[in-house]
Amino acid sequence: MKDLWPAAEKAGYTVAYADLWQTRLSPGLAIVRALEQALEPKGPLRGLVAKARAPVRKIKGKAELAGAKLEGEVELGEGGPKAQAETALQIDVLIESLCRKAPLLLLIDEAQELARTREHEAVATALRTAITKNQKRLRVLFTGSSRTKLAHVFSNASAPLYSTGAAIADFPQLGRDFVEYVAQRFEDSTRRALPVAPAWTAFVAFHQQPEPFLVGVVQMVLNPRLTLDQAMTAVADNLARTENHEGVWGGFDALQKALVRLLVDDPMLKPFSKPVLLKLRDAVGVESLAATHVQRAMQKLSGVVVKSPRDTYEFESEAFAEWVRTLADG
């Protein structure tokens, strides 16, 4: 982002940045706000990326179409067809206004939020319309923290943005040098040591996702008595509570639990193959098990585990997958 943004501006583009994580209930409003700030900057645009991801509860929006002005304050979470239509219209008007002035690069982070609900899909529909109308002057880059969920936005044939973008590409994972950097900053800030080897182990346990790891480190900064193990365990426990891992697990029947246990260990599992059917039969404790039984079970797990474009099974929540590996006992 830090390389692309100034390069785009140097090439004559206006850059708008929207972080959909800030307004998970209303991603359309996050996009409206980003476009307005690009249209009438009130400060250094680059500061947007550096801002903390504080939750936004309401924003003001305004646009003009054929002499008619739209203006007002919207509380995040407001829904209904009218609110969706107004947000879609604002996105359309603002993008068209920006594109008339200069080529526009729209950066949308945490874009997987566009697939969260039907209301969010309405925002994706508005974006698709804007991309089609302004394709000569508009470039859009979608990024997100979940490859599987991003695939739902672009690779699902029923999704509004299906086939709109190019193939999803993985960013390189942060490595041990990232942990070493965090450890050095921790020592600079606290005059205490953060052992790199166990910190790296903790980072890997979070699948090298920086956010939960950094949350734990910040807790250690704030509470000097907290050990690395205690901090990371607290973060993992909080993720489990937030995503209700126990409730999700408790809603599975015996066959679904057996399938999930196999899938967390083998993403390339062939659930309908004869060897797997035999394993499942033994795990469930039944005399016979048909592929149709497994197919029904897999359909009921569709919100938990999905077939990725890479032809492997991936969990919607890696935190839940890790919970199954380490904590599930029934």
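Counting charges near T129 (Lys, Arg +1; Asp, Glu -1) among other residues having Cβ under 11 Å from its Cβ returns a value of 0. For segment 238-315, the set of GluC sites (Glu not before Pro) satisfying both a DSSP loop assignment and a count of at most 14 other C-beta atoms within 10 Å is given as E287. The string of couplings for segment 242-258 from the Karplus curve (6.51, -1.76, 1.60, θ = phi - 60°) is 4, 8, 6, 4, 5, x, 4, 4, x, x, 7, 8, 4, 5, 5, 4, 4 Hz, one whole number per residue in order, with x for Gly and Pro.
The chymotrypsin sites (Phe, Trp or Tyr not before Pro) found in segment 187-291 that occupy coil by DSSP, while having at most 15 further C-beta atoms within 10 Å, are F272. Specify the inter-centroid distance of segment 263-288 and segment 180-216, based on alpha-carbon positions, in whole Å. Rounded to whole Å, the Cα centres lie 38 Å apart. With every protein chain in place and a 1.4 angstrom probe, the accessible-area ranking of R139, R191, R33, largest first, reads R191, R139, R33.
Computed 3J(HN,Hα) for segment 92-107, one whole-Hz value per residue from the Karplus formula 6.51 cos²θ - 1.76 cosθ + 1.60 where θ = phi - 60°, is 4, 5, 5, 5, 5, 5, 5, 5, 5, 7, 6, x, 10, 10, 9, 9, glycine and proline marked x. Surface listing: M232, M268 arranged by accessible area from highest to lowest gives M268, M232, probe 1.4 Å. In this structure, the amide hydrogen of G144, modeled 1.01 Å from its nitrogen in the peptide plane, lies closer than 5 angstrom to those of E110, A111, counting only residues at least 5 positions away or on a different chain.
The values are calculated or read from the model by the stated rules, or taken from the named source; none is laboratory data. On a predicted model such as this, the values are computed, not experimentally measured, just so you know. Counting neighbours? That spans all protein chains shown, and the Cβs are built from the backbone with ideal geometry, glycine included. What goes into the accessible areas is simple: the full protein's heavy atoms, side chains included, and nothing from ligands, DNA or RNA. Shrake-Rupley method; radii C 1.70, N 1.55, O 1.52, S 1.80 Å.
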